[in-house]
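All remarks here apply to the structure that follows.
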Amino acid sequence: MSGQQTSRRLAVRASQYICRPCRDTISRNTYSTAATALQPDDQPLQHIYPVASATPRTSYVVNTGVVLSRPPQITRDLHPFESAYFLYQRRLNERLALPFTRYFYIKKNTPADIEWKRKLRQRLTPARDIGRYKGYGDEAWNDEALIGASESQVQWQVERLLDDAEKTGKEGEGEGQGEKKDGEEKEEGGEGEKKAVAPTTIGGKIIEHEAFERPMSRVTEADLKGDLKSLNRQLQRTLYLVVKDKSGQWMFPQDKMTKESLHVAAERIIVQSGGINMNTWVVGKVPIGHHQVDIPEESLKASPNPNELGYKTFFMKARIMAGQADLKENKLGLEDFKWLTREEIEKAVTFDYWRSVRNMLGDR
Amino acid sequence: MALRELPLRTAVAFCRDARPLLHAIRPLSCRNASTDALKELTSSSSFSVPPPSQELAQGYDPVARSRLRRLKKRGLPPSRYQYRPPKYYRGPLHPHQPPPESDPSSRVFQPGPFSIPRLEETYQSTIASDLLTLTYMHYPPGWRPEKIGQRLRTWTGDSPYFKNRPLRPPRGSDHLRLLNEARNFRNIPKITKVTVHSMVPEAQDNSAHLHIAGMIVQAITNVRAVAHKAKHNVVGWGLREGKYISVTADAEREDAYHFLAKLVDVVLPRIKEWKGVPGSSGDGSGNISFGLTPDQVSLFPEVEINYDAYPPKMIPGCHITIHTDATSNKDARLLMQAIGLPFYGKLND
């Protein structure tokens with residue numbers, strides 16, 4: 001759209017010609033500009049990688065935690081507005097696109113052709129999943145779904161696609177599900193045309209359609225039972241492994257680090273907590289978050305090592321590909337485990353813990 | 001004189017265009033000092049009116065209403081539903097400006113999107129965060145990498161001709177390579193475009209080859225194919241200048257994701273003994289390409305469904321280029337591997 005661009009460019013150019021009082025107001029020095037101006041560009045920021053001193057006086061115990069997650073398995077449910085929007089766009093496309101090139105796909109005077117014509121008479125459009133709507137003609141403007149219409153729902157569209165694949169469009173075969181619902185069945189000689197439906201056998205050929213497998217339910221058995229230990233629950237969400245330790249606290253599996261890297265420690269912790277029956281992948285070699293616990297002053301004085309101020313847990317990200325956690329032979333003294341979504345973790349863990357881990361868990 | 005007046009005029013023209021827009025973005029629900037005054041003026045707004053009753057909604061039949069109106073020869077009030085955008089663009093100063101491209105009444109309006117592709121959802125929920133973790137580089141507080149200054153070389157020497165000369169390109173190349181910036185959540189590599197290209201030199205003698213190639217490329221990408229001419233005579237390849245020899249289709253956004261998902265989930269697993277994408281692929285700025293042979297192209301479901309409609313000898317092979325906004329081969333390869341394209345052989349870094 002060259003016109004738009006030109007006008008925009010001209011408008012931008014026009015904005016350079018600002019009257020003097022306006023320009024003076026714009027270029028006025030504010031406190032923020034003064035603050036930024038004061039900061040010199042070459043601050044004491046170093047280009048040499050900082051190295052911690054070898055013998056620190058006080059220190060923290062370093063733990064490694066593992067955020068073991070199962071990514072979403074299926075697409076998310078669409079918001080009603082999204083699905084309505086997509087239906088609107090599809091019907092718009094039906095109005096604007098060139099007609100379907102029928103003879104390129106279906107040979108003339110074949111059983112498939114007769115079936116196609118029959119189906120087209122019923123749904124008025126080559127598209128199989130946008131309901132009874134015709135993009136051409138006097139009534140093409142009628143593209144809005146009425147209140148309570150189900151054309152925009154994904155489930156309804158899936159059913160229509162399956163119907164189209166399974167059924168021949170004969171009278172009385174595909175009815176009672178889609179066409180009658182939308183309340184437009186009664187219009188314009190649709191009845192009269194339907195009487196002239198061709199027979200299914202043409203020249204001794206019978207069209208047979210195989211039955212198709214229905215897509216599996218998006219809600220699983222584990223969802224209905226509320227089984228928090230199953231990996232087959234909440235297929236649309238990311239699930240995270242949380243465990244209950246000796247003190248009864250729910251948290252991500254974690255352990256003290258010995259002389260090993262974070263990455264190796266994460267792999268060890270996965271095996272020591274969830275057992276070997278898990279096919280996992282530790283993503284990357286850097287932690288994605290950390291949680292710090294400071295020992296209070298009074299108990300620090302009583303503790304045997306007063307130089308240890310507390311502990312820091314660094315979380316490594318891991319994905320589970322297959323298998324299931326099994327705590328029977330765990331070496332970390334864990335009592336229970338759950339696969340939880342982000343919202344459920346918020347309820348299960350303490351607020352301090354949640355505050356440090358929430359930003360490393362994804363939205364979905 | 002006229003030049004000096006131009007900015008003012010353009011500003012006026014711009015304002016005139018912007019007026020309906022300003023009107024549209026002012027919802028009645030926002031609270032301004034004038035909101036109460038507005039309420040005094042207009043007794044009701046569409047926000048305060050309850051939705052229609054169930055019975056009214058059930059009995060509403062827009063088609064029947066329009067038919068009744070037509071039967072009584074009572075059309076819609078004039079000036080409604082009659083707008084057509086201008087056929088030709090007459091410049092920014094013309095009072096009749098075309099609507100924006102996104103307006104359905106525009107002549108260049110393209111409907112869409114029609115769905116959220118599964119691959120795109122996977123990218124957003126899983127792949128992007130994994131890539132960020134995999135390629136993250138930690139900068140400790142108080143430390144930052146050395147600043148990269150002028151990368152072009154200067155002309156050093158006594159020659160008076162060196163003065164005011166444009167800077168020299170880097171050694172061994174005529175252009176600067178892309179900078180690899182530190183990874184953060186804003187520059188995670190993503191797929192920007194997929195180009196499918198099919199070259200059929202036989203089309204110089206028999207244009208049917210070009211038509212078939214165009215149909216197939218269009219069918220598998222859902223994008224209108226564009227034909228290209230040979231720019232030069234190339235005797236070795238039998239090319240003659242000015243003859244149409246190839247077709248391309250650039251799939252973006254939804255189309256690109258659907259195409260890639262189809263490729264990775266349906267076509268590539270069915271190829272016998274497919275080794276993967278050659279590791280030497282990649283142009284150093286985040287684009288990966290590989291080729292498919294004619295019998296591999298015919299595995300696409302869109303071609304397979306009416307395979308008989310195409311002359312079997314004329315089905316072309318194609319090159320697929322996946323454009324990403326990664327800045328190195330390594331990052332682009334990582335993204336490709338995450339969506340399910342394996343690589344083989346020596347890697348090109």
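The values are calculated or read from the model by the stated rules, or taken from the named source; none is laboratory data. What you see is a predicted model; the values in this text were computed from it and never measured. Cβ: placed from backbone, ideal geometry, glycine included. Neighbour counts: every protein chain shown. Just the protein is used for accessible areas: all its heavy atoms, side chains included, with ligands, DNA and RNA removed. Shrake-Rupley method; radii C 1.70, N 1.55, O 1.52, S 1.80 Å.
What percent do you get for the relative contact order of the stretch A:77-169 when only Cα pairs under 8 Å and 6+ apart count?
34
Please compute, for peptide A:72-79, the average count of beta-carbon atoms on other protein chains lying within 10 Å of each residue's beta-carbon.
Rounded to a whole number, the mean comes out at 3.
Dipole of the stretch A:77-169 (Lys/Arg Cβ +1, Asp/Glu Cβ -1, origin at the Cα centre): which of A:L87, A:A97, A:G148 lies farthest to the positive side?
So the residue furthest toward the plus end is A:A97.
What is the average number of partner chain Cβ atoms found within 10 Å of a Cβ in B:87-99?
Other-chain Cβ atoms within 10 Å of each residue's Cβ, averaged: 3.
Would you mind counting up the charge near A:D255? Only other residues with Cβ under 12 Å from its Cβ, with Lys and Arg at +1 and Asp and Glu at -1.
0
Quote the total accessible area buried by chains A and B together, excluding ligands, DNA and RNA, probe 1.4 Å, nearest 100 Å².
Rounded to the nearest hundred, the buried surface is 4500 Å².
Any idea what the dipole of the stretch A:77-169 comes to, in debye rounded to 20, about its Cα centre with Lys/Arg Cβ at +1 and Asp/Glu Cβ at -1?
620
Return the subset of A:K108/B:K272; A:K256/A:K338; A:K317/A:K347; A:K107/B:K262; A:K108/B:K72; A:K108/B:K243 for which the Cα-Cα distance in this structure is over 30 Å, preserving the input order.
Violating the 30 Å Cα-Cα cut-off are A:K108/B:K272; A:K108/B:K72; A:K108/B:K243.
Using the Karplus equation 6.51 cos²θ - 1.76 cosθ + 1.60 (θ = phi - 60°), what ³J(HN,Hα) coupling, rounded to whole Hz, does each residue of the stretch B:292-299 give in order, writing x for Gly and Pro?
10, 7, x, 6, 6, 5, 6, 7
For B:N206 and B:M137, compute 0.36 nm times the residue count separating them, minus their Cα-Cα distance, and round to one decimal in nm.
Contour length minus the Cα-Cα distance gives 19.3 nm.
Among B:Y89, B:A128, B:P117, which residue has its Cα furthest toward the positive end of the charge dipole of the stretch B:58-165, with +1 on Lys/Arg Cβ and -1 on Asp/Glu Cβ?
B:Y89
Using alpha-carbon pairs under 8 Å, 6+ residues apart, how would you state the relative contact order of the stretch A:201-354 in percent?
31 percent.
If packing is taken as the average count of other Cβ atoms within 10 Å, what order do A:105-112, B:278-285, A:86-93 fall into, highest mean first?
Highest to lowest by the protection proxy: A:86-93, B:278-285, A:105-112.
Using a cut-off of under 19 Å, list every residue of the stretch B:153-195 whose amide N is near the label point 7 Å from the Cα of B:K147 along the Cα-to-beta-carbon line.
Residues B:153-154, B:179-182 fall inside that zone.
What is the stretch B:191-344's relative contact order, in percent, from Cα pairs under 8 angstrom and six or more apart in sequence?
30
Using 17 Å as the cut-off for backbone N distance, which residues of the stretch B:237-270 belong to the label zone defined by a point 7 Å from the Cα of A:Y85 along Cα→Cβ?
B:253-255
Around B:V196, what is the net charge, scoring Lys/Arg as +1 and Asp/Glu as -1 over all other residues with Cβ under 11 Å from its Cβ?
Here the count lands on -1.
Where a ≥ b ≥ c are the square roots of the eigenvalues of the C-alpha gyration tensor, would you call the stretch B:147-300 rounded, which needs a/c under 1.5, or, failing that, prolate if a/b is larger than b/c, or oblate?
oblate
Once the Cβ-Cβ distance between A:K167 and B:T192 is put in as r, and R0 is 35 Å, what FRET efficiency do you end up with, to the nearest 0.05?
FRET efficiency, A:K167 to B:T192: 0.25.
Separation between the B:N184 and B:R168 pseudo-spin-labels, each 7 Å from Cα along Cα→Cβ, expressed in nm?
Computed distance between label sites B:N184 and B:R168 equals 3.5 nm.
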